[in-house]
Each structure stands twice: as C-alpha cells, then as structure tokens.
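Take a look at the structure below.
The values are calculated or read from the model by the stated rules, or taken from the named source; none is laboratory data. This structure is a prediction, so every number in the text was calculated from the model and none was measured. Note that we place each Cβ from the backbone using ideal geometry, even for glycine, and neighbour counts take in every protein chain shown. In case anyone asks, the SASA skips ligands and DNA or RNA and just uses the protein heavy atoms, side chains included. Shrake-Rupley method; radii C 1.70, N 1.55, O 1.52, S 1.80 Å.
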Amino acid sequence: MAPAKKPVGELSRWSVVDTGLRSADENMAVDHALIAALAAGECGPTFRFLHFTDCALLGHHQSPQQELDLEFCAREGVQIQRRLTGGGAIIFDPSHLGWELVCQRSDLPAGDMSLLAREICEAAALGLRSMGIDARFRPRNDIEVDGRKISGTGGIIDGQVVLFQGTVLIDLDIPRMLQVLRVPAEKLDAHAIQSVAERVTSLRTLLGRIPAKDEVKRALLQGFQQYFGWDLQDAPLPATVSTRLEEFLAIVRDPEWLNLQDRPSSEQPLLQAVHRSTGGTLRSSLLWDERGRRIRQITFSGDFFLQPRRALVDLEAALRNSHIDDLPNIVERWYVDTPVDASGLLPQDFVAVVREALACV
C-alpha cells in the first residue's frame, strides 16, 4: 500500500459533491461552471462524482466524424458531447461512474501533468484495491488490473485551476461500445469483442457481481483520503456553480462546440496489416491520424508467443497518440524497459507491421 501523502498547502478540506444522473450536456456544463467558480475564488477544492445518461464523450481534440458512428448514436439516442480534457472517446451509460477533481494547482503536489496523473491514479488505484482487485497505475494515465484497463483518466491545467477526470467501469457492454465507436461493420464479430475483453475489464467481471455505486464511491474516497491525507466532506453543489449553469449549457449545446474539431473520417482511417517473421504472425489494427501523422489507437494480435501477455497492452498504451517518427524508439524502449520473452519476435517486427498498415494509405 502506498504511503499517505501529507496535505498540500493550507487547504486540505475537500467538498465531495455527487451531482446525480444528468445528461452529458449538463455534466459538461457543470465542469465549465466549477472551473469558473474556482478561478474566481468562489468555492474550494471539489471531488465530484458524475453519472450519465447514454452518451459518448469526445476528447477535447477529437472529431465526431472520425471517432463515432453518428448514425447509430442518433438512432439509439446516444448523446454526443465534448470534454474539456483530452484523450479518446468514452462511452457512458447509467451503470458507469465518473469521478473528478476540480481544484487550485496549489491543492495538489508540485509537478507537471504527467506527475499529477501518476499521483492521482495511484490514489484511485489504492481505493479500488480495497474492493479486492489488484488495481495499479499504468502510464500514461490508465488504471489497470492484470493488464486490462478498469479506469481511464485525463486532466488539464487552466491557469491555476486543475480539472482531472476518471471513470470506473462497473459494468461493460462491449458489443454496444463497438457500435458507438467508428468500427467497420465487418469488424463487429466475436474476435473483435474478445480482443477488447483482453484489454478492458469491469468490476462485474473481476468481482463476479455488480457492486453498488455507493460501494465504489466509498472505496475511491478511502483511497484518496489515505494517499493524500485530505479531509473529504459531503457537500451540495455550490450555489455559485448552479447560477452559472445556464450560461455554460448554452456554450456546450452550441453546434460550434461539438464541431470544434470537424474533420472528415477519411483523415483517420482504420488500417490493418499482417507481418510474418521467424517469431510468428503479427497483426496490427490502428486508427491513423493522417493530418497529425499520429497513431491514435493500436492493437496487436496474431499467432506468436509473448510473456507476460500484459506487456503487449503496455506497448499499445505507449504508442497511443504517438507520432510515427517516434515508433522505432518507443518499441526499442519497450524491449529495454520490459522483461519480455518474445521468442524470436523482434522490435523491427512491430515496426514493420505498423509501416505495412500505413502503406495502405
């Protein structure tokens, strides 16, 4: 168990606010309002729990056309909204739990966002471990259990205000998630579902039951209290935040906000390749950002031996949102830093299967 952190600065008392089941529009407007209130000195550090109706939340820099099946979302009533934080698209339904910290920079340990992500994720993982699962921080900003993601996180620093957000997958409907995301229809098969199940998990899968949200909330708060030494007290949403909601609802409901990054899906194709080597058959499947020359997401599969298996997930995480010029160095560093037995599968094989996929563009 990680040692408790001493409270940072003079303010160690945090308000714990549960804003209840809301639409994506409302939840994102509350984020804007909390940041404005904190910046104006109208409220103190806040730990918020979020609950969503069916929605897909884009990362701040993502395009709806590139990330989501917009026809499916419209047909199924899946609301689309944009976060202030970066990262990939997140699928929410009422079974999922969101959590976030909104505070002054001085309320957290010193360091850049990568250090803050590690500290905050360690606290959240500590809390989840109290539920009997081996939750651990995985760079850059995931919480995983045996190589499978249980929580994704992300944050921004806006002036002196920090917003850091995370999720907990209490339950997970993988087929529906793949339908919301922009995955070709021919890929919505048992293999695709199994591939996701090897990389993402839920509390239901790990515990063999669906824990109540209150149980998960208590576990998270316990982790943050133990790790940082904060005094966490239940509180209502500050009145100054509520009075700002209409203003920010108008902003997040404006089509210009949703289409802030309006790029055609053709600029982010799904590419695949198969590479055969003495170490086995290696397949890659990646979302490619043509404009930024970046690997947005990638998965490897195939007929090969690699131990520990979870090491492959670490490589996929390291390559997420990476520039193509950094590909060889990232793979080489993974081989150096990871005690992996690849039985003949070499760094150049991983580089080759990615470049072969890109040759299709």
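Over 18 Å, how big is the tail of the calculated P(r) for region 210-361, in percent of all Cα pairs? So the portion of pairs separated by more than 18 Å is 70 percent.
For region 271-358, the direction-averaged projected area of the alpha-carbon convex hull comes to 4.7 nm². Given their separation in residues at 0.36 nm each and the Cα-Cα distance between them, residue 250 and residue 303 gain 13.9 nm when the chain is fully extended. Peptides 46-54, 333-341 ranked from most to least packed by the mean count of surrounding Cβ atoms within 10 Å: 46-54, 333-341.
Accessible surface for the chain, divided over its residues, is 44 Å² per residue with a 1.4 Å probe.
Let me test this: with uniform point scatterers at the alpha carbons of region 284-324, what is the Debye-based log₁₀ I(q)/I(0) at q = 0.18, 0.20, 0.31 1/Å? Here the Debye-derived log intensity ratios amount to -0.52, -0.61, -1.04.
Subtracting the Cα-Cα distance of residue 243 and residue 260 from their residue separation scaled by 0.36 nm leaves 3.6 nm.
In units of the rule-of-thumb radius 2.2 N^0.38 Å, region 59-146 shows an alpha carbon radius of gyration of 1.32. State the percentage of accessible surface on the chain attributable to carbon and sulfur atoms; use a 1.4 Å probe and exclude ligands, DNA and RNA. Percent of accessible area from carbon and sulfur atoms in the chain: 50.
When you count the other C-beta atoms within 10 angstrom of each residue and take the mean per peptide, 199-206, 289-296 line up highest first as 199-206, 289-296. Per q in 0.13 Å⁻¹, report the Debye log10 I(q)/I(0) for region 116-249, using one uniform scatterer on each alpha carbon and no solvent. Log10 of I(q)/I(0), two decimals: -0.69. Once both labels are positioned 7 Å from their Cα atoms along Cα-to-Cβ, the gap between residue 156 and residue 113 label points is 0.9 nm. Over all orientations, region 96-170 has a Cα convex hull whose mean projected area works out to 4.7 square nanometres. Overall size of the chain from C-alpha positions, given as principal axis extents largest first: 63, 46, 39 Å. Taking all Cα pairs closer than 8 Å and separated by 6 or more residues, the relative contact order of the chain comes to 19 percent.
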